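First the structure, in the form of structure tokens, and then the observations on it.
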Amino acid sequence: MTRTAAIAQVGRDEVVAFDGVDLEALAQRMGTPLQAYSVSTIRDRIGTLQSALHGIDALICYAAKANSNIAILQLMSDAGLGADIVSSGEMRRSLRAGIPAERIVFSGVGKSADEIVEALSAGIARFNVESEDELHLLQRLATERNVIAHASVRINPDVDALTHAKISTGKSENKFGVSIDEARRWFAQSARLTHVRLDGLHVHIGSQMMTLDPIHKALQRVAGFWRELAANGHAINCIDVGGGLGVSYRGGRDHPVAIEDYARVIRHALGDFGGRILLEPGRWLVAEAGILLTRVIRIKHGRQRQFLVVDAGMTELLRPSLYDAWHDIVQVTNETRPLQTYDVVGPVCESSDTFARDRELPRCEPGDLLMIKATGAYGASMASTYNSRPLAAEVLLDRGRYAVVRRRQTFDEMIAGEQPAQNWEST
């Protein structure tokens, strides 16, 4: 994290700031819960990755699912990045943010016919194909429109990413990709594909990976398959190495890999590849750039536990409920207070609406401001209006200034598509 983006907890007379912005003043002005993202951190991450890849014919396609706010996508566009999308909605967001269609790659196991048609019409760079049915559908739809679709086969290399089971994607039991044996058959029959150019390989084995060993193993298998295909006369113009690099959610405990070491693994596995290498980082670019600001509503004293009830919930940050994920939580104050042990919970009517259990924090009082760290990825993008809670506001922070990039949703906006049953029809 850059110096300007760092969270500074300093002398008692100074402020707690993020990217130069006074967090208490920001929360008072914007209300809570509030998602805030550091532009400085995102730009620093982009620059670091681009430098590490210097000399490689590479295109970084930001995984839009991590945080699809158009302002975030515009930062990626301005830096020359493309987008890795998994829906037509993410494609529309990317295009609106200024990312050219020729820098957009469509991934995902459930592309519908309508989505494929829309992507073909937009002229996106390529499709990462995940099943034989999808390949045949792409061929039919491209033929009907007399266009050539470039496609990569997503390989499932049966490699354990050594991460949480719910974000593992590269084992044979996962729904993603196809085996090398099946992919080999596709290429053997590729002459029948009149309107699909099968000229790429894709692999992505999981997320939040804290070691390079699984990545190296997966890339070695893909590299071996590419050489086999080339020897049999199949031109491979693109290899997508996926993403999945881990970030620090737990300070002092999480040790992400150095991006320079990651680039060396790519060079080692694919150094003699003459085509373009695609990367699809998401979490690594934006997670640590984000924080979630929330206020303490009350402290509830149970018989065995103290519950710190805050105004943010699983509606703003689902990861702890979904993955039992850890996020560091910091009190935004310069006062010195004794430590207390709390279960930090939200107001949503679910027992799983819990951010932390048995977490030591300085003693809290109603109205105190807390900061939940590393929420820039899979925070707002997984948000919901469960319990009829309107979506939170989002702001960009940049060296002492801020800009609203999503205003807080109103109740009327939340229910805008709903109506009483008045016009009954028969099918």
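The values are calculated or read from the model by the stated rules, or taken from the named source; none is laboratory data. Quick caveat, the model's predicted, so the values are computed rather than measured. Cβ sites come from the backbone with ideal geometry, for glycine too, and all protein chains shown count toward neighbours.
For region 285-319, residues that are under 19 Å from Glu350 (Cα atoms), buried (at least 18 other Cβ atoms within 10 Å of the Cβ) and among the small types (Gly, Ala, Ser) total 2. Taken as a whole, the condition of being part of a loop (DSSP other than H, G, I, E, B), polar (S, T, N, Q) and in contact with an Asp or Glu (Cβ under 9 Å, 6 or more places away or on another chain) applies to Thr375. The lone criterion from (1) outside any loop (DSSP other than H, G, I, E, B); (2) out of contact with any helix residue (DSSP H, G or I) (no Cβ under 9 Å at 6 or more places or on another chain) left unmet by Gly233 is number (1). Being over 30 Å from Lys217 (Cβ atoms) and out of contact with any Pro (no Cβ under 8 Å at 6 or more places or on another chain) is a property that does not hold for Thr354. Cβ-Cβ contacts under 8 Å between residues 6 or more apart (or on different chains), taken from a first residue in region 303-326 that is in contact (Cβ under 8 Å) with a residue 40 or more places away in the chain and closer than 18 Å to Leu34 by Cβ to a second residue that is aromatic (Phe, Trp, Tyr) and surrounded by fewer than 19 Cβ atoms within 10 Å (Cβ to Cβ), are listed as Met314/Tyr386; Thr315/Tyr386.
Tell me, yes or no, whether region 261-280 has at least one residue that is surrounded by 15 or more Cβ atoms within 10 Å (Cβ to Cβ), under 29 Å from Gly20 (Cα atoms) and under 24 Å from the mean Cα position of the chain (by Cα). Among the residues of region 261-280, not one is surrounded by 15 or more Cβ atoms within 10 Å (Cβ to Cβ), under 29 Å from Gly20 (Cα atoms) and under 24 Å from the mean Cα position of the chain (by Cα), which makes the answer no. Between Ile259, Ile291, the distinction of being closer than 25 Å to Arg103 by Cα and either acidic (Asp, Glu) or in contact (Cβ under 8 Å) with a residue 24 or more places away in the chain (or both) belongs to Ile259 only. Here Leu361 does not fit the description of being within 19 Å of Arg250 (Cβ to Cβ), out of contact with any strand residue (DSSP E or B) (no Cβ under 7 Å at 6 or more places or on another chain) and surrounded by 14 or more Cβ atoms within 10 Å (Cβ to Cβ).
How many of the residues in region 253-302 are of a type in the set (Val, Ile, Thr), in a strand (DSSP E or B) and farther than 20 Å from Ser38 by Cα?
Of the residues in region 253-302, 4 are of a type in the set (Val, Ile, Thr), in a strand (DSSP E or B) and farther than 20 Å from Ser38 by Cα.
Please find, among Ala374, Ala383, the residue that is closer than 13 Å to Tyr37 by Cα and surrounded by 14 or more Cβ atoms within 10 Å (Cβ to Cβ).
Step by step, each of Ala374, Ala383 is checked, and only Ala374 is closer than 13 Å to Tyr37 by Cα and surrounded by 14 or more Cβ atoms within 10 Å (Cβ to Cβ).
Among residues of region 214-225 that are touching a residue at least 12 places away in the same chain (Cβ under 8 Å) and under 13 Å from Ile266 (Cβ atoms), those with a beta-carbon under 8 Å from a residue that is among the aromatic types (Phe, Trp, Tyr) and in a helix (DSSP H, G or I) at least six positions away or on a different chain give the pairs Ile215/Tyr262.
Is there a residue in region 387-395 that is farther than 30 Å from Leu75 by Cα and either in contact (Cβ under 8 Å) with a residue 60 or more places away in the chain or of a type outside the set (Val, Ile, Thr) (or both)?
Yes, because at least one residue in region 387-395 is farther than 30 Å from Leu75 by Cα and either in contact (Cβ under 8 Å) with a residue 60 or more places away in the chain or of a type outside the set (Val, Ile, Thr) (or both).
Can you tell me how many residues in region 386-399 are loosely packed, with under 14 Cβ neighbours inside 10 Å and touching a Ser or Thr at 6+ places or on another chain (Cβ under 8 Å)?
Step one: of region 386-399, the residues loosely packed, with under 14 Cβ neighbours inside 10 Å are 388, 399.
Now narrow it down to the ones that are touching a Ser or Thr at 6+ places or on another chain (Cβ under 8 Å): 399.
Number satisfying all stated conditions: 1.
One residue stands out in region 238-252 among those that are in contact (Cβ under 8 Å) with a residue 60 or more places away in the chain and assigned to a loop (DSSP other than H, G, I, E, B): the one that is surrounded by the fewest Cβ atoms within 10 Å (Cβ to Cβ), namely Gly251.
Of the residues that make up region 41-57, is at least one over 15 Å from Ala287 (Cα atoms) and either among the aromatic types (Phe, Trp, Tyr) or in contact with a Lys or Arg (Cβ under 6 Å, 6 or more places away or on another chain) (or both)? Among the residues of region 41-57, at least one is over 15 Å from Ala287 (Cα atoms) and either among the aromatic types (Phe, Trp, Tyr) or in contact with a Lys or Arg (Cβ under 6 Å, 6 or more places away or on another chain) (or both), which makes the answer yes.
Considering region 133-170, and only residues there that are under 29 Å from His195 (Cα atoms) and basic (Lys, Arg), the residue that is modelled with the lowest pLDDT turns out to be Arg154.
The residues on offer are Ala218, Ala223, Ala191, Ala183, and the sole one that is in the same structural domain as Arg154 (by TED's automatic domain parsing), surrounded by fewer than 16 Cβ atoms within 10 Å (Cβ to Cβ) and among the hydrophobic types (A, V, I, L, M, F, W, C) is Ala191.
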